[in-house]
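Structure record follows, encoded as structure tokens.
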Amino acid sequence: MSTTTLAARVSRIDSSGIRKIFDLARSLKDPINLSIGQPDFDVAPVVKDAAIAAITAGRNSYTQTQGIPELRALVASDEKAFTGRDYAPDQVLITSGVSGGLFLALLALVDDGDEVIIPDPYFVMYKHLVNLFGGKPVYLDTYDTGFGIDAERLEKLITRRTKLLLLNSPANPTGRILPKTQLDNIARVCARYGITVIADEIYRLFAYGPMTSMAEVYDNTLVLVGHSKTFGMTGWRLGYACGPKEIVEAMTKVQQYSFVCAPSVVQYAALACPQVDHSGNLAAYRRKRDLMLSILRPTFEIGSPDGAFYLWAKAPAGMTGDQFVQKAIENNCLIIPGSVFSERNTHFRICYTVPDAKLKAGAELLVKLATA
């Protein structure tokens, strides 16, 4: 009888806690679902039409590994406008979403035993990919700094094995935007030790106030940006990476033997994205955020939601995050336990990309459960 032996690396990662909640949602009858982080608006008609036109025109084959030239030129123009940086064509790579870019970057940069500093709380994928590729996550606690980053504390974590710092601003799960003063201090520390920064800026166009890119203040930054959230294209899997030539070329090499290229039709469709007015969606989510805060803040301690579309709330006294989430689920409300995003088990994440009536009902239910 044959026995399947799995690679040891698979044991270094767990199934996504978010996906477990996603699957649970299918089994509940009309739940108040404040769990999954994806926009509730559809892809704009002009982008859909561009995708249909690409299909009809036969744009269904492989593209260049690094992406079609027109889209890379558009990306470079966008980055010039946003960060002031001039990226050459060989410094731009079109990826299968920001997740795909993160996969390529870590695979290209992390050797066995390399340390990667990850501010805690963090996006769920970070530590698991670092572990999968043989690296060692080193957690930078941000709970007592308002989920910002203290440069002195960062410096104390650096060792001879430190390879990377992973930043996410605006952040999932906290919604925190790192101010420019903090980014400047981070840049000085990283420059002193020759550390590369991977800046995940998937939510950069969901900023409700000033937002500075790490790429503006530090040369050795690989910035990852995506179309998925901004344009409601989460299932279309499109993003991009810009940064040092050596890193982008290594990622392109890895992409040749993994994703091959980002989806061709979606690349052509993305050429229409500049025609989309995002301001209405941004205003709607700012209003939803404020609605939730007005109901929840008298009861819950909530981090600064400067951007993205999440609230990071502390569980009621005497309860862990997991315990409060279980209580909410038992009352047909889906939220994500903070232990999915953190080495602590004290908080839970709310996503507010749902209709206002559901938001209000969910917020009021959570207050009732916390005060019962």
#### Entry: Potential lengthening between D90 and R160 on full extension [0.36 nm per residue; Cα-Cα distance subtracted]
22.2 nm
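Please sort by residue number the chymotrypsin sites (Phe, Trp or Tyr not before Pro) in region 52-124 whose DSSP state is loop and whose Cβ has at most 12 other Cβ atoms within 10 Å. Don't skip to the answer; put the middle values down first.
On the way: sites: Y62, F82, Y87, F103, Y122, F123; in loops: Y62, Y87, Y122, F123.
Answer in residue order: Y62.
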### Task
Taking 7 Å along the Cα-to-C-beta vector as the label spot, tell me the I295-L271 distance in nanometres, rounded to one decimal.
4.5 nm
### Message
Give the lysines whose C-alpha is closer than 17 Å to that of K368, dropping any in the same chain fewer than 8 places away, or say none.
### Response
K314, K327, K358, K360
### Query
Is it possible to state the helix-based mean residue ellipticity at 222 nm for the chain, with each DSSP H run of 4+ residues giving -39500 (n - 2.57), the sum divided by total residues, to the nearest 500 deg cm²/dmol? What is it?
-12000 deg cm²/dmol
#### Entry: ³J(HN,Hα), Karplus 6.51/-1.76/1.60, whole Hz, each residue of region 132-140, x for Gly, Pro
4, 8, x, x, 10, x, 10, 8, 9
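Shape verdict for region 38-95, please, from the Cα gyration tensor: rounded (a/c under 1.5), prolate (a/b greater than b/c) or oblate.
On the way: a/c = 2.46, a/b = 1.33, b/c = 1.85.
Oblate, because a/c is 1.5 or more while a/b does not exceed b/c.
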### Query
Where the centre of each part is set by its Cα atoms, how far does region 171-202 sit from region 215-241, in angstrom?
15 Å
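May I ask you to sort F133, F300 by Cβ crowding, counting other Cβ atoms within 10 Å and putting the fewest first?
Working: F133 19, F300 22.
Sorted ascending by nearby Cβ count, the order is F133, F300.
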### Rough spin-label spacing in nm, given labels placed 7 Å along Cα→Cβ, for T181 and S304
0.9 nm
## Note on the structure
Long-range amide H partners of S35, meaning residues 5 or more apart or on another chain whose placed amide H is closer than 5 Å, are C351
### Query
Excluding same-chain residues fewer than 8 positions from K48, which lysines have a Cα within less than 23 Å of its Cα?
K229
### Query
Which of these values of volume of the Cα convex hull per residue in Å³ was calculated from the structure shown: [x] 182; [y] 166; [z] 129?
[y]
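Taking other Cβ within 10 Å of each residue's Cβ, how do V116, V110 sort, fewest first?
On the way: V116 26, V110 21.
In order of increasing Cβ crowding within 10 Å: V110, V116.
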### Message
I want to verify a result. In a Gaussian network model of the chain, Cα cutoff 10 Å, which of these has the top mean-square fluctuation: D14, D78, D200?
### Response
D14
### Query
Around T196, which amide H atoms from residues at least 5 apart in sequence, or from another chain, sit under 5 Å from its own amide H, with H modelled in the peptide plane?
L165
## Note on the structure
Straight-line reach check, K163, cutoff 16 Å on alpha carbons, 8 or more apart in-chain or any other chain, hits among lysines -> K127, K136
## Note on the structure
Ranked by GNM mean-square fluctuation in the chain (Cα springs under 10 Å), the top entry among A357, A272, A262 is A357
### Summary
Expected sort for I68, I36, I149, I94 with the fewest Cβ neighbours (10 Å cutoff) up front is I36, I68, I149, I94
## Note on the structure
the chain, Gaussian network, Cα under 10 Å: of I202, I329, I350, the residue fluctuating most is I329
### Query
From the Cα gyration tensor of region 91-150, with a ≥ b ≥ c the square roots of its eigenvalues, which class applies: rounded if a/c is under 1.5, or else prolate if a/b is larger than b/c, or else oblate?
oblate
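Bear in mind these aren't lab numbers, they're just calculated from the coordinates by the rules spelled out. Please read these numbers as outputs of a predicted model, since none were measured by experiment. When we count neighbours, we look across all protein chains shown, and the Cβ atoms used for this are built from the backbone with ideal geometry, even at glycine.
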